[in-house]
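These notes concern the structure reproduced below.
The values are calculated or read from the model by the stated rules, or taken from the named source; none is laboratory data. Please read these numbers as outputs of a predicted model, since none were measured by experiment. Quick reminder, even Gly has a Cβ in these numbers, built from the backbone with ideal geometry, and neighbours come from all protein chains shown. Surface areas here come from the heavy atoms of the whole protein model, side chains and all, with no ligands, DNA or RNA. Shrake-Rupley method; radii C 1.70, N 1.55, O 1.52, S 1.80 Å.
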Amino acid sequence: MLLAAALPAAAADPDERRVSIGGFGTIGTLYHDDDGLEYRRSASQPRGAESGEVDFATDTIGGVQLNAAWNPQIEAVVQAVTRLTAENDWEPQLTRAFLRYNPNETVAVRLGRLGWEIYPRADSRDVGYSQLGIRPAVEIFGILPTDRFDGGELALKRPFGKGLFSLKLYGGAAGGKAVNEDGPVTDFDGSALWGGHVDYQHGAWVLRLGSGVFELGEPPPLDPLAAGLSMTGVPQAIGLANEFADNGRKILFYAAGVAYDEGPAQARLFAAHTDSEHLVSPNLNLGQLIGGYRIGAFTPYASFAIVRSTEDVRATGLPDAPQFAALNAGARLAQESFQYNQHSLALGLRWDFMPKLALKLQVDRVWLRDSRLVLDERPDPYADADMTVLGFALDFVF
């Protein structure tokens, strides 16, 4: 449909036309023995790997992609992916569907369904074969409310010094869902997203600096809770009620990344900060350092990732009495829904035993302090915890 609507009617040289189809996938398994905890790779997953069971759902993913080029300047791309969704099924999702127009080597325009490209060399994070680890760092990519948007982007490139400078501006309507610990699904479809980043590439190095805005389609539905807190007449509760009643919907983000890739060595360093208008939204500092060195067919690698909420959970100031139990619990639960406090150290080994096939063995040590990324069903879900997660995966492309 994109091609029929947008491509010129004049015939192109048949030698310039090309259509290709490819695919990718990861067959992954997870295991841990930490009672009451379910490890998941993303807040969009409704369940995770349970204690004492070999889990195949968390890291398994598959996708196909179609590229159709009319000439060197115009190309259409369509990609579909199947993975565990927020609805607890495996229904395929259209993750990319765009038309790219490159009138020259300096300008590129894309329109349609696009991926949200925040960090350098991490744009195809669904393609496990293109990544060092089994999964993108949970502390970085697992908290993203969306990884796609429907809209457009403009990219400009030009030589600068001994390297290449590029600027990208984008905007549109985001899509995606998150599942909280108590089960409800937060739908981000229709939320607005816009921003931009600059890149500078010099040899094996790429530096990216970016910022933007994610604006929720609807503010959190906390009016009944705010009204109940206000009626108590307690100043601290009233102050918290005013925070809950705030209709601010914007989440500002600032991100930076450095990537190095040459010969057998590669490394990535990512960092970001989010600042939300609403108390019940992500207010975070996060970062990751990952690197690996290839020795023949084997690549040992290591990763450290961390995420910290910058807003603490605020107390209502109400007595711990039965008549206030619902208000105290509701206020805490509302704020806990976007608390992410965890860090992890991962050690892994990748074996490229055949072309387009790679086996990975990875051990993650995860430290939790009130984090919604891991589903916590322990008697005291606010207690600190640590867990060791063993992963094994087969990545492939074709």
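Of the residues screened, Val280 is one that is in a loop (DSSP other than H, G, I, E, B) and either open to solvent by less than 30 Å² (accessible area, probe 1.4 Å) or at positive phi (or both). Within segment 23-36, track down each residue that is within 24 Å of the chain's Cα centre (by Cα) and open to solvent by 10 Å² or more (accessible area, probe 1.4 Å). Phe24, Ile27, Thr29, Tyr31 - these are the residues of segment 23-36 that are within 24 Å of the chain's Cα centre (by Cα) and open to solvent by 10 Å² or more (accessible area, probe 1.4 Å). For segment 250-270, give me each residue that is within 30 Å of Thr316 (Cα to Cα) and buried (at least 19 other Cβ atoms within 10 Å of the Cβ). Within segment 250-270, Ile251, Phe253 meet the criteria.
Please list, ordered by residue number, the strands (runs of 3 or more DSSP E) wholly in segment 75-192 having 3 or more residues that are without any contact (Cβ under 8 Å) to a residue 40 or more places away in the chain and either of a type in the set (A, V, I, L, M) or open to solvent by less than 30 Å² (accessible area, probe 1.4 Å) (or both).
Those strands (runs of 3 or more DSSP E) span 163-175.
Residue count for segment 52-74 satisfying the condition of being open to solvent by 30 Å² or more (accessible area, probe 1.4 Å) and in a loop (DSSP other than H, G, I, E, B): 7.
Kindly indicate whether any position in segment 305-317 is under 22 Å from Ala265 (Cβ atoms), touching a strand residue (DSSP E or B) at 6+ places or on another chain (Cβ under 6 Å) and either modelled with pLDDT of 90 or more or in a strand (DSSP E or B) (or both). Yes, that holds for at least one residue.
Matching residues to (1) closer than 27 Å to Glu153 by Cα; (2) part of a loop (DSSP other than H, G, I, E, B); (3) over 27 Å from the mean Cα position of the chain (by Cα); (4) of a type in the set (Gly, Ala, Ser):
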residue: Pro224; (1), (2), (3), (4): no, no, yes, no
residue: Ser230; (1), (2), (3), (4): no, no, yes, yes
residue: Gly248; (1), (2), (3), (4): yes, yes, no, yes
residue: Asp275; (1), (2), (3), (4): yes, no, no, no
residue: Gly287; (1), (2), (3), (4): yes, no, no, yes
residue: Pro300; (1), (2), (3), (4): no, no, no, no
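Just so you know, in segment 353-398 the residues that are at pLDDT below 95 and assigned to a strand (DSSP E or B) include one that is nearest to the chain's Cα centre (by Cα), and it is Leu375. Figure legend. Inter-residue proximity from segment 194-206: first residues part of a strand (DSSP E or B), second residues β-branched (Val, Ile, Thr), beta-carbon distance below 9 Å, spacing 6+ or different chains. Indicated pairs: Trp194/Val213; Gly195/Ile118; Gly195/Val213; His197/Ile118; Asp199/Val206; Tyr200/Val206; Trp205/Val258; Val206/Val258.
Based on what the data block shows, is Gln288 touching a helix residue (DSSP H, G or I) at 6+ places or on another chain (Cβ under 9 Å) and crowded, with 18+ Cβ neighbours inside 10 Å? For Gln288, the condition - touching a helix residue (DSSP H, G or I) at 6+ places or on another chain (Cβ under 9 Å) and crowded, with 18+ Cβ neighbours inside 10 Å - is met. Within segment 318-350, the residues that satisfy the criterion of being out of contact with any strand residue (DSSP E or B) (no Cβ under 7 Å at 6 or more places or on another chain) and either loosely packed, with under 14 Cβ neighbours inside 10 Å or among the hydroxyl-bearing types (Ser, Thr, Tyr) (or both) are Pro319, Asp320, Ala321, Pro322, Gln323, Ala325, Ala326, Ala329, Ser337. Restricting Lys360, Lys356 to residues that are in contact with a strand residue (DSSP E or B) (Cβ under 7 Å, 6 or more places away or on another chain), within 30 Å of Phe24 (Cβ to Cβ) and open to solvent by 20 Å² or more (accessible area, probe 1.4 Å) narrows the list to Lys356.
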